[in-house]
Every structure is written in structure tokens, then in C-alpha cells.
Amino acid sequence: MWDRLLVDCNIATMDPAMAGPFGAIENGAIGIQDGRIVRVGRRVELAGYQASKVEALGGAWVTPGLIDCHTHLVFGGNRAGEFEQRLEGATYEEIAQAGGGIASTVTATRQASLDELVEASRPRLNALMRGGVTTVEIKSGYGLDIDSELKMLLAARALGESEPVRIERTLLALHALPPEFRERREDYVRLVTESLLPAVNAQDLAGAVDAFCEGIGFTPDEVRTCFEAASDLGLRIKLHAEQLSNLHGAALAAGFDALSADHLEHVDEAGVEAMAAAGMAAVLLPGAFFALRETKKPPVDLLRRHGVPMAVATDCNPGTSPVLSPTLMMGMACTLFGLTPEEALAGMTRNAALALGLQDEVGTISAGKSADLCVWRISRPAELCYWIGLPGPERRIFAGADA
Ligand code: DI6
Ligand code: FE
């Protein structure tokens, strides 16, 4: 006897083993036991099974719970004032020189207590959850000293322990050079590799390490030094690569068997080939592209041609992507980058799971995976990308329970 049986629904399984668009099953049923999917198929195929609770969904569409595989949603303060300044003509650089930009978020994040940081971040997490997110990755990177980076990761952990959502934590210490190290870049990289990484690892505070490989971030050599230390500790690798220029970060990350390279507006074919050979995901971030009014798009055709799985994420951060809606990102991935609605939904489900190394646990509606599901009152899956400002699913199920 199963715990739950969902019936009278259409299912976008997103399982590539299923024939047809969205891996769809019309008039389907999903059996759930102990928080996991035990069986999915056509209603008639599951007719012989019984469950404590049988729920008819009135023809709704069920998708996997959405996965936001790239966010910076833990931070202090916000930068709405800078948004106004930029609309009045100030440039990102002028604001940064006046002590604003990332530095202002670093100051606010350092000043916040752990509890204050958790409570400042909770509404952003809740907004993503209301939008259908059941798994979210959160990066550090606004602390930039040992205690503050640990505090950010502890805040992300506390959020995951107090909300019905799965949180993956990533150390992004090489995000920006902290002001006190302005003339001492090597010392900061050494602090990260020799002190911060071992501390994070000892407390099991992150599963992966990321870096911002960019002219205004860190050089490929600095990133390599950090990644070597991280790999030695058994941490997985991700990289902000080729967002504003091509420093060949994607290929660098591929050399470390990375999970993903993210942004990728300026990646070239050699970078895409390296990603394909390493089995990496490409994480596309249309919110940052939109908010920065970029014009150079990631090479979606090239990624398709080389079979690189494309994920889509919010990049939720206070500076370049203050985005709180996962489905809006799916829509923008279609409108701005040319993804199909099926690719966009795969980008926030199956391929986002790949980008986090969670493909055996979440990302498709398949027997054995966690029962993380969204129930949408829509007539076809493309509606998830079509509506601008879609409020979220009618029901959100996390690990088998309504949440
Ligand atoms: N890429 C970005 O665009 C942001 N971080 C990153 O790695 C900028 C974050 C900010 O301005 O706060
Ligand atoms: Fe980012």
C-alpha cells in the first residue's frame, strides 16, 4: 500500500527515456511511498495499486519540482539605491569606485549576524519556493573573509534545515578581491586555499567550489590554484566563465571534471568541445543578461550541436540579477536566448540536476527519485514559459509532502 497516488493528471516527466515532448504522459498517475516516487505511468497501468490517499488533480499538469542551480541569494542589504543611480546615468564602475557595487554588499553581509543574514535571505528563498523551486543552490562570496564566508554557508544551511527545500551549498570565495587585499592578491588566494577551504571542508559546509574568472574577478591562474586545492579535498567544481570576455574558463573547468560552467556568453567552440568531452552542463542566466542589458548571447546552437546539456537559473543576486521568479527565467531563456519551452523546462529540472550532480536524486519524474513535484493549472507545459509573472504552482510537493 503506497502513501499517495496522484491521478487525473498529465505528467511532464522530463525523463529522456520517455518518447515524445516533455517526456509527457497524458492521463497519468504517480505513486509515492516514503517520500519517493515508486511508480509513474498511464492511469490504466497503475490501476492495480492501492494507496492510503488517492488524489484526483482535475487534469492539471505535473512537472518535477523546479531546480534553481545558480543563486547568490544569501546576502545583507540590497542595491535598489544603485539601481536608481544607474537609471539616472551613473555607471557600474562609478558606483563601485564610490564604495558601492559588490563592496557595499560585502560590507552589509559582514555586518549582519548569522540570524540577521538568515532572516534577510528567507523571503527571497520563499519567493523562489512559491515559484515552484524545490532544490536551490546557494553560493557564498559576499563575506570574503574566513568568518564571513563560513557565516554565509551556515546561513544557507540553516535555511535548508528550516524550510521544505533542498539546498546545495557552494563556496565562491574567489568572487571579488576584498578591499583589504587590494595590493595583495596572492595573499587572498593563499588565504582561501590554505585556510578557508580546509575550514569549509572540515565543517562539511559546501559540496562544490565556484569562482568568478573574469577581468574584474580572478585570473585563470588564480582560479586554477584554488581549484587544485578544492579538488584535493574532494569538492566538485563550478565556474562563472566567459560572462564578459573569453578567458577560456570553460576549458579550465573541464580540466577539473567540473559539474558546470555558467553564463558563457563569450564561450568559443573549443570551450564548448571541452565541456562536452567532460560531460559538463552549461548554466544559462538570462536574468543577468537582461539586467545588464547585454547584447551578446550564449551560443545556444553550438551547445546544442555538441550535445552540452543546458540548464537555466535565476542567478539571484543583489547586483546583476535581482530575480525571484524561476518561471520568468524559463520565459527569458526562450525569448532572449532562443530555447524551446521544452529546453527551458529541462533547464530548470533535468539539466539543473546535472549541474548540481544530483541527477540520481531529482530532476525527472521517475521511479526511485525524491517525490519533488509541482502541480500547475495549465493546459500545456509551454504556458510555464509563456506567462510573464506566473504566480507559481497550485501545489508544491517536496519529498512526498505538500509544502
Ligand atoms: N557575476 C556577476 O555578474 C555577479 N557576480 C558574478 O559572479 C555580480 C554580483 C554583484 O554585483 O553583486
Ligand atoms: Fe552568479
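The values are calculated or read from the model by the stated rules, or taken from the named source; none is laboratory data. Since the model is a prediction, treat every value here as computed from it, not as a measurement. Every residue, glycine among them, receives a Cβ derived from its backbone with ideal geometry; neighbour counts consider all protein chains shown.
Structure summary
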item	result
Residue ID - farthest from ligand 2 (Cβ to nearest atom), chosen from residues in region 197-227 that are under 28 Å from ASN246 (Cβ atoms) and aliphatic (A, V, I, L, M)	LEU197
Search result, residues across region 50-80 that are among the aliphatic types (A, V, I, L, M) and either away from ligand 2 (no atom under 16 Å from the Cβ) or free of Cβ contacts under 8 Å to residues at least 12 places away in the same chain (or both)	ALA51, VAL54, ALA56, LEU57, ALA60, VAL62, LEU66, ALA80
ARG184 away from ligand 1 (no atom under 16 Å from the Cβ) and over 20 Å from the mean Cα position of the chain (by Cα)	yes
Matching residues, region 298-316, being free of Cβ contacts under 8 Å to residues at least 60 places away in the same chain and either under 27 Å from ARG124 (Cα atoms) or not basic (Lys, Arg) (or both)	PRO298, PRO299, VAL300, ASP301, LEU302, LEU303, HIS306, GLY307, VAL308, PRO309, MET310, VAL312
Of all residues making up region 199-216, the number that are assigned to a helix (DSSP H, G or I) and loosely packed, with under 12 Cβ neighbours inside 10 Å	1
Single residue of region 94-139 satisfying the filter (β-branched (Val, Ile, Thr) and modelled with pLDDT under 95) that is farthest from the chain's Cα centre (by Cα)	ILE95
Flag if ARG293 is of a type in the set (Lys, Arg) and farther than 24 Å from TRP61 by Cβ	yes
